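Please read the structure below before turning to the comments.
Bear in mind these aren't lab numbers, they're just calculated from the coordinates by the rules spelled out. Note that the structure is a prediction, hence the values are computed from the model and not measured.
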Amino acid sequence: MKKIHQRVPGARTVTPDTMTKSALLAAFRLTGHVLLLAAVLARLIFFCHAGLRSKYKDYRYFDIPLAIGVGMLLTSHFVLSLFYVPSRSMQPTLEVGDGIAVSRLSYHFRSPQVGEIVVFDLPKNRPGGGQTLVKRMAADEGDIIRIEHGLLYRNDQVEPNHPVSTQASIREHKIAPGCIFVLGDNRTMSMDSRVYGDIKKEWLYGPVVYRYWPPSRVGGVK
């Protein structure tokens, strides 16, 4: 895991922030592959073995593991991604060690919404880049923002739910077309758009829709 040395204005040292894909996702995909392979091999053996064909007239039960395997693979690749939160940048909403589920389909049907928690890939040419990060969307394309005296203003309206470090300040900034502005909920421990700028929407995985770990905190995420 890379160490991040950049500092947010007015913040303490930022902890390593890169997201890691959950081992549960890898196990889910592996199970899908195993079921798919087992179903295909079973069908091959069945069709190549005359004795089995005469004994078992109905082979449709092979379709059950085949369908489950295909469904698991499609879900893990195109519907949901699972991640592990490694840092304090999104506290108190997300704690270190939380397992979160991200919808991969949502932004194919709608645009990201201000206030949503999103996961995205930050390119290597940005400060602290080459990582997968989780932040809260604070402004959309075309919005004009500024940070003064610890408050975030969006289109000249103060955002009461988005307090910022009292020493952080940003002059008036208009979010570029096709981009969003993101902030960590733990403003003094987050490296975010204050450092690496606007985020292109094409970099987004999707919104965080569920926390599946730990068991004591399972549920939706806002």
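Worth pointing out:
- Pairs of alpha carbons in the range 85-217 whose separation is greater than 18 Å (percent): 52 percent
- Under 5 Å from the amide H of TYR210 lie the amide H atoms of ALA101, VAL221, each residue being 5 or more positions distant or on a separate chain, with H modelled from the backbone and absent for Pro and chain starts.
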